[in-house]
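Report on one structure; see the data block that follows.
Coordinate-derived values only; no laboratory data. Predicted model only: the values in this text are computed from it and were never measured. FYI the Cβ positions are ideal-geometry reconstructions off the backbone, even for glycines, and counts take in every protein chain you see.
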Amino acid sequence: MANRIMLNETSYHGAGANQRIAQEAKARAFKKAFICSDPDLIQFGVTGKVTSVLEEAGLAYEMYSDIKANPTIENVQNGVKAFKAANADYIVAIGGGSSMDTAKAIGIIIANPEFEDVRSLEGVAPTTKPCVPIIAVPTTAGTAAEVTINYVITDVERKRKFVCVDPHDMPVVAIVDPDMMSSMPKGLTASTGMDALTHAIEGYTTKAAWEMTDMFHLKAIEIIAKSLRSAVANEKEGREGMALGQYIAGMGFSNVGLGIAHSMAHTLGAVYDTPHGVACAMMLPIVMGYNAECSGEKYREIARAMGVKGVDEMSVEEYRKAAVDAVQKLSVDVGIPTKLEALKEEDLQFLAESAHADACAPGNPKDASVEDLKELFRKLM
């Protein structure tokens, strides 16, 4: 079987990378940018680090900020109208997963207007044209949305988030500049960092994993494990490590999929508006325990990458436990809660059914029933 790998055409990494945005826009003969960024980033001057580069280069842009965490169908549809009115020819997405996902959906619909209802993009949609060109500038070290073919939109009416997987939405340029992430508050650094770790571990254990993606994921786990605590403490080395680690994780999981930690996290986000990284971090050790019997020797390598000593002398049960314990300790060390107070017994059936239907669920190494998912959700209570 042939394995496909899709990545950006171009990516820049390291401090000062955002200075390359104007150069890339001019090299592609772009005329006017449609900037997707959320209101907080604009208010606190983060978006301005990019718009100043465009202004200095004499490049026109228009701002779109009707974007919220867990972006909605309405956010996307309003953005499509705004893009048309702006007469722009490319998108600059500045932010975390919410800004990136909104930008991808807008770009896809502009190029493929038959999907303007947004809901029809769920799963692997049969779009035929690449989206409006996107230059993606992440401000969080976690989602790796700048290098993935995935995006997630919230259906408020139906109380669910849906995953869209589309090779046509890959940003043409990724600008991974740790300086753009330096203003992230401690809690957001922790939650997005644990989202990145969830990407790496689920991508490593998913059914479609293979040698090249294993290489990406194990390196990502190693970098994240040694960088996240430092990043939460706002240390330069930690920030730089997380910027790289989360991107490498994206290089892998975007091409092989995820698992039920993500499908369950999407559901918690849709029903309770739980921040995605927090939901992933709470679910990851629980799901790792559930998947352990189907993981072969992979948990030994996860434990090794997490910095656990002596894994080669451990039994299968010992290194599997060591891997889960190391993940749990990192999560607790960076302040992620282990229980979700909003979770109600009467919601479990809907939550489990939604998670079971999520596009990430089939990639899990162990097939989970609705009843299995209910029991896993119950562990958060």
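Before moving on, here are some points about what is shown:
- Antiparallel DSSP beta bridges within the chain, as percent of all bridges there, nearest 5: 20
- Convex hull volume of the C-alpha atoms in the range 52-92, normalised per residue: 79 Å³.
- The HN-Hα couplings worked out from phi for the range 3-10 by the Karplus form 6.51 cos²θ - 1.76 cosθ + 1.60 (θ = phi - 60°) are 9, 9, 10, 10, 9, 4, 4, 9 Hz, whole numbers, x standing for Gly and Pro.
- In the chain, the DSSP-assigned H stretches of four residues or longer account for a calculated mean residue ellipticity at 222 nm of -15500 deg cm²/dmol, using -39500 (n - 2.57) per stretch and the full residue count as denominator.
- Equivalent ellipsoid of the range 10-181: semi-axes from √(5λ) of the C-alpha gyration tensor, largest first, are 24, 17, 15 Å.
- Residues with amide H under 5 Å from that of Glu62, placed H, sequence gap 5 or more: Ala33, Phe34, Ile35
- Near Thr72, the amide H atoms lying under 5 Å from its own belong to Thr154; only residues 5 or more places off or on other chains count, and H is placed 1.01 Å from N.
- Antiparallel bridges, percent of DSSP beta bridges restricted to the range 120-233 (to nearest 5): 65
- Taking the range 186-378 and dividing mean pair separation by its residue count, relative contact order in percent (alpha carbons under 8 Å, at least six apart): 28
- Based on C-alpha pairs under 8 angstrom that are at least 6 apart in sequence, the chain has a relative contact order of 16 percent.
- In a reduced charge model with +1 at each Lys and Arg Cβ and -1 at each Asp and Glu Cβ, the range 264-373 shows a dipole moment near 440 debye about its Cα centre.
- Backbone geometry of the range 336-344 corresponds, through the Karplus equation with coefficients 6.51, -1.76 and 1.60 at θ = phi - 60°, to 3J(HN,Hα) couplings of 7, x, 9, 10, 10, 5, 6, 5, 10 Hz, x marking Gly and Pro.
- Cα centroid separation, the range 181-198 to the range 138-172 (Å): 17
- Label-to-label distance, nm, for residues given as Lys226 and Ala2 (7 Å Cα→Cβ offset): 3.7
- Rg followed by Dmax, in Å, when the chain is reduced to its Cα trace: 19.7, 64
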